[in-house]
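Please treat every number below as a calculation from the coordinates, not as lab data. None of the values given here were measured: they were computed from a predicted structure. Cβ sites come from the backbone with ideal geometry, for glycine too, and all protein chains shown count toward neighbours.
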Amino acid sequence: MNPDPSCVFCRIVRGEAPAHVLAENEHALAFLDIHPLVDGHALIIPKAHYVTLEDVPPELVGPLFELVQRVSRAQRRALGAEATTIGINNGRAAGQVVPHLHVHVLPRYTGDGGGLIHSIIQRPSQRGLDEVRDLLVKALGG
Ligand SMILES: [Zn+2]
């Protein structure tokens, strides 16, 4: 997609807005979150403007996550992270604030008080696993 002139992440890609850039490849850019939840909290974005992961062409998903992997590895090596949490607020209802896809990579430490991915949502199951699997398999074209 074409750059959105009002998008702050597109402006970072174009060098028009400041950022603490960590690394890049042909299709993706990694930089520090301006409001870090922990030292090293990084964002990895596609250089082109896509809102959600589903919008990204399949051939660009690999380069995006190659950079996620490199940053996660660097957080362990340079910051002593024992683990990382990797997540995407993929759409407004999931809490996405900047409408340009970004993957959060957070260094984690034993006893850091952070939650699990499982703590994000606590909605009681309303359908059985068989029904949900059937719906998703059908949507996946299986
Ligand atoms: Zn953008």
For segment 79-142, listing trypsin sites (Lys or Arg not before Pro) in a DSSP loop whose Cβ sees at most 15 other Cβ atoms within 10 Å gives ARG127
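If exposed GluC sites (Glu not before Pro) are those in a DSSP loop with at most 16 other Cβ within 10 Å, what is the longest stretch of the chain that has none?
Values: sites that count: GLU16, GLU26, GLU82.
Longest run free of exposed loop sites: 83-142.
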Among VAL71, HIS118, VAL13, the residue whose Cα sits farthest towards the positive end of the charge dipole of the chain, when +1 is placed on the Cβ of each Lys and Arg and -1 on the Cβ of each Asp and Glu, is HIS118
Applied in sequence order to segment 18-28, the curve 6.51 cos²θ - 1.76 cosθ + 1.60 (Karplus, θ = phi - 60°) yields integer Hz couplings, x standing for Gly and Pro, of x, 7, 8, 6, 9, 5, 7, 9, 4, 10, 9
In order over segment 38-55: 3J(HN,Hα) from phi, Karplus 6.51/-1.76/1.60, θ = phi - 60°, whole Hz, x for each Gly or Pro, gives 7, 4, x, 3, 10, 10, 10, 10, x, 5, 8, 7, 10, 7, 10, 4, 5, 6
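Mind checking segment 1-110 for chymotrypsin sites (Phe, Trp or Tyr not before Pro) that DSSP puts in a loop (not H, G, I, E or B) and that have at most 14 other Cβ atoms within 10 Å? If you can, show how the numbers build up before the last one.
Numbers: sites: PHE9, PHE31, TYR50, PHE65, TYR109; in loops: TYR50, TYR109.
Here the chymotrypsin sites (Phe, Trp or Tyr not before Pro) that fit, given the DSSP loop and packing criteria, are TYR109.
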Amide H proximity to ALA28 below 5 Å, modelled H, separation 5+ or other chain, gives LYS47
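Do the sum for the chain: with -39,500 (n - 2.57) for every DSSP H run of n ≥ 4, divided by all residues, what is the mean residue ellipticity at 222 nm, to the nearest 500 deg cm²/dmol? Walk me through the numbers before you get to the answer.
On the way: 3 runs with 39 residues, N = 142.
-8500 deg cm²/dmol, from helical runs alone.
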